[in-house]
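*Asks:* Below is the structure I would like to discuss, written out as structure tokens.
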Amino acid sequence: MSNGILIVDDASFMRMMIKDILTKNGFNILGEADNGLKAVEKYKELDPDLVIMDITMPEMDGINAVKEIKKINSNARIIMCSAMGQQAMVIEAIQAGAKDFIVKPFQPDRVVEAVKKVLS
Ligand SMILES: [Mg+2]
């Protein structure tokens, strides 16, 4: 892994929780964004190895952010972070190019497993 991970979620406690899980497991967190528009900007700026992307956010949602990031880098690695009951949106995100998804509330092991799998 050369760069690190970009965490995108409009809830600061959720970003903190994901950051904590990943840092404890030896991953480097490059940056954070609290909406899809900022996620696209940060993606361009930081060139992360992986993005963990919330779905429901103000300004631009996670689905459209995936589409925009894929235009920048068709090989971009993105894991969706969805709430329960968002299956249709998860499918749309996967079709747009997301590699995997985790469902809130998640177990730390599941987050680490998804990140390792997508980065391998
Ligand atoms: Mg959200």
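*Asks:* Excluding residues fewer than 8 places away in the same chain, name every one of the aspartates and glutamates whose C-alpha is closer than 15 Å to that of LYS116.
*Replies:* Candidates past the 8-residue exclusion: ASP49, ASP100.
*Asks:* Suppose only helical runs count, i.e. DSSP H with n ≥ 4. What mean residue ellipticity at 222 nm does that imply for the chain under -39500 (n - 2.57) per run, divided by all residues and rounded to the nearest 500 deg cm²/dmol?
*Replies:* So the helix-based figure for the chain works out to -14000 deg cm²/dmol.
*Asks:* If the only charges are +1 at each Lys and Arg Cβ and -1 at each Asp and Glu Cβ, what is the size of the charge dipole of the stretch 4-119 around the Cα centre, to the nearest 20 debye?
*Replies:* The calculated dipole for the stretch 4-119 is roughly 340 debye.
*Asks:* Please state the shape class of the stretch 44-120: rounded when a/c is under 1.5, otherwise prolate if a/b exceeds b/c and oblate if not, all from the C-alpha gyration tensor.
*Replies:* Taking the square roots of the gyration eigenvalues as a ≥ b ≥ c, the stretch 44-120 is oblate.
*Asks:* Please list, in chain and number order, the residues 5+ apart from PHE101 or on another chain whose amide H is under 5 Å from its amide H, with Hs placed from the backbone.
*Replies:* Correct list: MET80.
*Asks:* Among the aspartates and glutamates, which have Cα under 12 Å from the Cα of LYS67 when same-chain residues fewer than 8 positions away are ignored?
*Replies:* Those aspartates and glutamates meeting the cut-off are GLU92.
*Asks:* Give the aspartates and glutamates reachable from LYS24 as a straight Cα distance under 12 Å; neighbours fewer than 8 places away on the same chain don't count.
*Replies:* ASP109
Each value in this text was obtained by applying a stated rule to the coordinates, not by laboratory testing. Remember, predicted model here, so these are calculated numbers, not experimental data. All Cβ positions, glycine included, derive from the backbone under ideal geometry; neighbour counts span all protein chains shown.
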